[in-house]
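The values are calculated or read from the model by the stated rules, or taken from the named source; none is laboratory data. A quick note: this is a predicted structure, and the numbers were derived from the prediction, not measured. With ideal geometry, Cβ positions are generated from the backbone for all residues, glycine too; neighbour counts draw on all protein chains shown. Heavy atoms of the whole protein, side chains included, go into the accessibility calculation; ligands, DNA and RNA do not. Shrake-Rupley method; radii C 1.70, N 1.55, O 1.52, S 1.80 Å.
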Amino acid sequence: MSIKTVGVIGCGLMGSGIAQVSAAAGFRTIVREVNQGALDKGLSRMRKFLDGGVEKGKMTAEARDKTWGNLMGVTDFEAMGDCDLIIEAIIENLDEKTAAYQALDKVVGDHAIFTSNTSSLCVTELAAKTKRPDRFGGLHFFNPVPLMKLVEVVRGLSTSDATHAALMDYSRAIGKEPITAPDKPGFIVNRLLVPYLLDAIRCYERGLGTIEDIDNGMKLGCGHPMGPLTLLDFVGLDTTYYIANIMFDEYKEPMFAAPPLLKRMVLAGKLGRKSGEGFYKY
Ligand code: NAD
């Protein structure tokens, strides 16, 4: 595999995790943020995770230092010049992502592959915003990135076989288990998960059971690590509502339609853990 240097764009929740696992796997990793404050915040999130790993005996101090040594934080695009792979993990906004690709296309070598960690945008459309649509794909990680094993490698209409193979190889090299997903809203995991979560809200809304009973039913009866309403609070009700609407727009199938209660909880600011209240109080 010819990927040696990885550029991660955005050092937020996902970008910091992606940069961390990439550096831990031995890749020279350059992570770019919009300003020094945002960069420091992302770097300290990584440092805390790594130090915590050493304290808990899950990682040696030597491995932590090696990972840290492979990481470089920057606020300009020029420093990305010799990257072989770009993983964009900035806010979920087409115009912002387009502007980042255009800046990168000017400084990054033609051989390099560009990817997006987008959850909901069309990968084929993102690819078309670059000068390298055949060397573009989705790399959809899961939160928290250092702990979740899965990566969905998304093939856009113009993603080449070589690009797809390189992204599968890279995902394995950072210790993840990649699956190939189509460029359709929700890819594979959210295509299955979102209708299930929406249905759990519909069940609650229609009086099938209490919040606790619905959650315990799926936890204890199906061996799920958490019930659907707990999971909704964890993911964020606003995020679920946003993704459900995108999926409904594309598929026009009732299973993707947001239940009235979800919309109202979002309007009331009951977004789950992040706002202090969702189906549960925190
Ligand atoms: P976040 O808000 O935590 O982080 C985004 C970061 O990008 C911010 O720190 C912001 O300052 C930075 N940024 C914005 N424009 C930038 C630019 N031009 N260059 C560099 N940095 C820039 O968001 P997040 O949750 O990490 O999500 C990032 C992406 O990952 C989104 O596309 C989202 O859909 C996707 N995603 C999120 C999750 C999740 O669970 N949060 C899961 C899978 C995929």
Within region 69-110, restricting to residues that are in contact (Cβ under 8 Å) with a residue 60 or more places away in the chain, assigned to a strand (DSSP E or B) and not acidic (Asp, Glu), the one that is farthest from the ligand (Cβ to nearest atom) is LEU85
List the number of the failed condition for LEU13; all other conditions in (1) modelled with pLDDT under 95; (2) more than 12 Å from the ligand (Cβ to nearest atom) hold.
(2)
Among (1) open to solvent by 50 Å² or more (accessible area, probe 1.4 Å); (2) within 22 Å of SER171 (Cβ to Cβ), there is one condition THR75 misses while meeting the rest; what is its number?
(2)
Among the residues of region 117-145, how many are at pLDDT below 95 and touching a Pro at 6+ places or on another chain (Cβ under 8 Å)?
1
Could you identify the single residue in LEU261, LEU267 that is out of contact with any helix residue (DSSP H, G or I) (no Cβ under 9 Å at 6 or more places or on another chain) and farther than 27 Å from VAL145 by Cα?
LEU267
Within region 163-177, can one find any residue that is within 20 Å of ILE243 (Cα to Cα) and either acidic (Asp, Glu) or modelled with pLDDT of 95 or more (or both)?
no
List the pairs whose first member sits in region 1-23 and is at positive phi, whose second member is near the ligand (Cβ under 6 Å from one of its atoms), and whose Cβ atoms are under 6 Å apart, counting only residues at least 6 apart or on separate chains?
GLY10/ALA89; GLY10/ILE90
For the list (1) assigned by TED's automatic domain parsing to the domain that holds CYS11; (2) within 14 Å of the ligand (Cβ to nearest atom), I need the number of the one condition that SER158 fails.
(2)
Residue that is nearest to the ligand (Cβ to nearest atom) [pool: residues in region 39-53 that are open to solvent by less than 30 Å² (accessible area, probe 1.4 Å) and in contact (Cβ under 8 Å) with a residue 12 or more places away in the chain]
GLY42
Can you find a residue that is surrounded by fewer than 22 Cβ atoms within 10 Å (Cβ to Cβ) and within 16 Å of the ligand (Cβ to nearest atom) anywhere in region 23-34?
yes
Failed criterion for THR118 (all others in (1) in contact (Cβ under 8 Å) with a residue 60 or more places away in the chain; (2) among the β-branched types (Val, Ile, Thr); (3) within 12 Å of the ligand (Cβ to nearest atom) hold):
(1)
Of the criteria (1) within 11 Å of the ligand (Cβ to nearest atom); (2) in contact with a helix residue (DSSP H, G or I) (Cβ under 6 Å, 6 or more places away or on another chain); (3) among the basic types (Lys, Arg), which one ARG64 fails
(1)
Being open to solvent by 40 Å² or more (accessible area, probe 1.4 Å) and over 18 Å from the mean Cα position of the chain (by Cα) is the filter here, so list the residues in region 128-172 that pass it.
ALA128, LYS129, LYS131, PRO133, ASP134, ARG135, LEU157, SER158, ASP161, ALA162, ALA165, ASP169
